[in-house]
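Down below is the structure, laid out as structure tokens.
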Amino acid sequence: MKLKNPLLTVKYFCIVLLFFLSAACNNAEKKNNLSVFRYNESAGISSLDPAFAKNQAIMWPVHQLYNTLVEVDSNLNIVPSLAKSWDISDDNLIFTFHLRTDVVFHDNDAFPSGKGRQLNAEDVVYSLQRITDKTVASPGAWIFNKRVDSADGFKATDDSTFQLKLTKPFHPILGLLSMQYCSMVPKEVVEKYGKEFRRHPCGTGPFRLKEWAEGQALILTKNENYFEQDEYGRRLPYLDAIKISFLDSKATEFLEFQQGRLDFIDDIDASFKDEILTKKGALRKDWIGRIELQKHPYLNIGYLGMLVDSTKEIAKSSPLLNKKIRQAINYGFDRRRMIMYLRNSIGIPAESGFLPAGLPSFDSTIVKGYSYDPEKAKQLLKEAGYPNGNGLPAIKLLTIPQYADMGTYIARELQEIGLNIQVEAVQKSFLLDATAKSEANFFRASWIADYPDAENYLSVFYSKNPSPPNYTRYKNPAFDQLYEKALLEKNDSARFQLYRQADQIAINDAPVVPLWYDMIIHLVHNNINGFTPNGLNLLELRRVQKK
């Protein structure tokens, strides 16, 4: 067959390669009784270099290929990984990590005889310095910005001891070190491949790269030399391989799942939510027994933000500068009804603070937010000088098309108490730009945790932070004092108490309207065991078994 068009030739080659990869994988599975976990990544994967693990699509395979010094367990606690233990100096500035001595990198031609060598402390220094290297241009460079001592921040004191020195105390640094950006990479392999390291990954993780036809399929196979064992002394992982497809159609993805060619689906597309879930968020009768529905708190909050900085030109005549009006909006609509009818009960109505359910510091019995109380909302409008909303100008709410129905719902409810909310759906890039430049008075947003610490959320209100993350330009000295005090606190219980106090101050001032605390939704086939969700929605496959 002769194809004259070079683009068609490439496309034809990819289709043929995908066919052979799939056929080879399927034949190998059947012949050797291999257990292969299959999932689809509709967003595609642009890199397998952890320095560029900026989104979930990349983070998931990176987590299979690499390890970090510490990691997050299913309860969002920081636990050992490559570091078996660590010490913190009395002044909270020096973190000393004691490394495991039984960890080796994947086999690679860059190593003598092609055999993976042992991980050492110099690898940690190199990997973390690489994130801050401007020539690498890692989107994770912010992790250490103004936090790590520029002259003596990363040090290997011997082969199995690494020291991290901070410029000032910042206890959440352990959470930052658990991020995929901070995965360990070997210098000689990175230098061998240069920018092409993105598709020639080499880590210490439970799986290693087998094949990658970009845009078609990616296959990872078990790392036979992986260091972790289960409680019975069996070496992890249990799976033989992972196969990732790249179907960009969610409808096709769902069809593949139905037919058993995918083992799970992350989230449920809005177009077939009602086919699978009841309004109360349970499986419909015809799905019960066929698949498992997994629901778990997700460290993500959907909210409305309000610009509260009177020095900004756009905000000078904004009625949202009045705290009572902001509080009236918070009281003026029914979150529970909204979540049930617009999200099939996927999510928890945000009636506490800004810290979402799932965080260890979350406690709705201590931090009190806003529930539906239209009479209270009307009273607040009256106290603000606008009885029944009389004389109050229209307020424009910016959102993206995906959440326009939610904006419309809120606007209709607020209309009942006298507020005129005009919903305008704009492109996501426009909304992000407008909020970053403080050019939006009222906007829909969300905040997903980078690491499992409340500091990540409260940074949104810290007055010394720019926009982002302080999109509302909120400022309260009492909040700032508690925020800064929490960063110095080693004791978890005491730090959580400070976080809750700060959260309560911010929620009372109401620069935001919390909408819902998000939930992870997984559809999983019944032959998959040991597959459990976590608050960061990180794909954890080390202990998964396929019957």
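Quick note: the coordinates plus some simple rules give every number you see, no bench work behind them. Treat the numbers as computed from the prediction; the structure is a model and nothing was measured. Cβ atoms come from the backbone with ideal geometry, glycine included; neighbour counts cover every protein chain shown.
Structure values in brief
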item: Prolate/oblate/rounded label for the stretch 411-547 (Cα gyration tensor, a/c 1.5); result: oblate
item: Of all DSSP beta bridges in the chain, antiparallel share, percent nearest 5; result: 80 percent
item: The stretch 249-324: projected area of the alpha-carbon convex hull, averaged over directions, in nm²; result: 8.9 nm²
item: Principal axes of the stretch 44-232: Cα extent on each, largest first, Å; result: 50, 41, 37
item: Label-point gap, in nm, between Ala43 and Lys316 - each point 7 angstrom along Cα→Cβ; result: 4.0 nm
item: Environment charge at Ala506 (Cβ cut-off 14 Å; Lys +1, Arg +1, Asp -1, Glu -1); result: +2
item: Listed pairs Lys323/Lys396; Lys165/Lys222; Lys84/Lys222 exceeding 29 Å between Cα atoms; result: Lys165/Lys222
item: For the chain, calculated [θ]222 nm from helices alone, where every DSSP H run of n ≥ 4 adds -39500 (n - 2.57); result: -8500 deg cm²/dmol
item: Stretchable slack from Gln294 to Ala282, in nm (0.36 nm times residue separation minus alpha-carbon distance); result: 3.3 nm
item: Lysines with Cα under 24 Å of Lys280, excluding same-chain neighbours fewer than 8 positions away; result: Lys250, Lys295
item: For the stretch 331-448: rounded, prolate or oblate by the Cα gyration tensor [a/c cutoff 1.5]; result: oblate
item: Listed peptides 502-510, 519-527, 461-469 by packing density, highest first (mean Cβ within 10 Å); result: 502-510, 519-527, 461-469
item: Potential lengthening between Gln422 and Thr167 on full extension [0.36 nm per residue; Cα-Cα distance subtracted]; result: 87.2 nm
item: Alpha-carbon centroid distance for the pair the stretch 384-446 / the stretch 265-340, whole angstrom; result: 14 Å
item: Estimated FRET transfer efficiency (Asp230, Asp267; beta-carbon r; R0 30 Å; 0.05); result: 0.55
item: Gain in span if fully extended, Lys437 to Gln379, counting 0.36 nm per residue against the direct Cα distance; result: 17.5 nm
item: Degrees, to the nearest 10: 121-132 long Cα axis against longest axis of the chain; result: 50 degrees
item: Within the stretch 388-453, trypsin sites (Lys or Arg not before Pro) in DSSP loop having at most 13 other beta-carbon neighbours inside 10 Å; result: Lys437
item: Set of aspartates and glutamates with alpha-carbon distance to Lys485 below 19 Å, sequence-local pairs under 8 removed; result: Asp90, Asp91, Asp453, Glu455, Asp503
item: Cα-centred dipole magnitude for the chain, charges only on beta-carbon of K, R (+1) and D, E (-1), debye, nearest 20; result: 1120 debye
item: For the stretch 196-334, convex hull volume per residue from C-alpha positions, Å³; result: 272 Å³
item: Relative counts (whole %) of C-alpha pair distances in the stretch 297-520, using bins that are 10 Å wide; result: 8, 35, 39, 16, 2, 0
item: Within the chain, longest stretch free of exposed GluC sites (Glu not before Pro) [DSSP loop, at most 10 other beta carbons within 10 Å]; result: 232-547
item: Where the Cα pairs of the chain fall when distances are cut into 10 Å bins, in %; result: 3, 16, 25, 25, 19, 9, 3, 0, 0
item: All-pairs Cα distance distribution in the stretch 43-154, expressed in whole percent, bin size 5 Å; result: 2, 9, 15, 21, 23, 18, 8, 3, 1, 0
item: Selection from Leu119, Val426, Tyr372 lying farthest towards where the dipole of the chain points positive, charges on Cβ; result: Val426
item: Residue among Ile395, Val513, Asn537 farthest towards the positive dipole end of the chain, charges placed on Cβ; result: Ile395
item: Distance in nm between pseudo-label sites at Asp91 and Lys396 (7 Å out along the Cβ direction from Cα); result: 5.2 nm
item: Tilt relative to the chain, helix 477-488 - C-alpha long axis, 0 to 90 degrees, to 10; result: 20 degrees
